[in-house]
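The values are calculated or read from the model by the stated rules, or taken from the named source; none is laboratory data. Everything numeric here is computed off the predicted structure, so don't read it as measured data. Every residue, glycine as well, gets a Cβ built from its backbone with ideal geometry; the counts of neighbours run over all protein chains shown. Please note that ligands, DNA and RNA were not included when accessible areas were found on the heavy atoms of the full protein model with its side chains. Shrake-Rupley method; radii C 1.70, N 1.55, O 1.52, S 1.80 Å.
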Amino acid sequence: MIVVRNWRDVYPTIAHKSGVDWRLLSIANKTSGDIDVQVEEKYKCLKAITYVSLAQLQPTLSYEKHQHQDHEELYYIINGKGKIKIGMEESQFRDGDIIYIPERTEHTITNNGEEIIEFLAFGGFIDMNSK
């Protein structure tokens, strides 16, 4: 079965109290720390990747601090710049950067630039038995 989805066909959801998230594909079950979003059954096709989302964050806004117990994340920055805090560390980022966020680590993203940050967010399951 071929699964194709365009972000323009997805109703956006508010993510972590301030971002806009278009959940494109997901795993069947909600994961730890994930946003509340409805996904049609045919787009719940992922097995190891927990979700793929297109996300936007307006200038001056930040995601609320959160963490995921059962999956790690990647943010690929398409447009914009800002700062990311992961655990106790903080770093600036810009378009073209990819950011790794380990499982069980508190994190937040802040748009301190003048344009909307647009990024792809990917979640990936970790083997809870190997930790």
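The label-point distance for T31 and T60, in a model that sets each label 7 Å from Cα toward Cβ, rounds to 3.3 nm.
Quick one: Kirkwood hydrodynamic radius for the chain, alpha-carbon pairs, angstrom, one decimal? With all distinct Cα pairs of the chain included, I get 15.0 Å.
Solvent-accessible area assigned to carbon and sulfur over the chain amounts to 50 percent, based on a 1.4 Å probe. Residue by residue, the range 86-100 carries 3J(HN,Hα) couplings of 10, x, 9, 9, 10, 8, 7, 9, 8, 3, x, 7, 10, 10, 9 Hz when phi is fed to the Karplus relation 6.51 cos²θ - 1.76 cosθ + 1.60 (θ = phi - 60°); x denotes Gly or Pro. Counting every C-alpha pair in the range 59-118, the share spaced more than 19 angstrom apart comes to 24%.
Surface exposure of the chain, expressed per residue as accessible area with a 1.4 Å probe, stands at 59 Å².
Only Lys, Arg, Asp and Glu carry charge here, each on its Cβ (+1 for the first two, -1 for the last two); on that basis the chain has a dipole of about 200 debye about its Cα centre. Counting only lysines at least 8 places from K17 when in the same chain, those with an alpha carbon closer than 21 Å to its own are K30, K65, K81, K83, K85.
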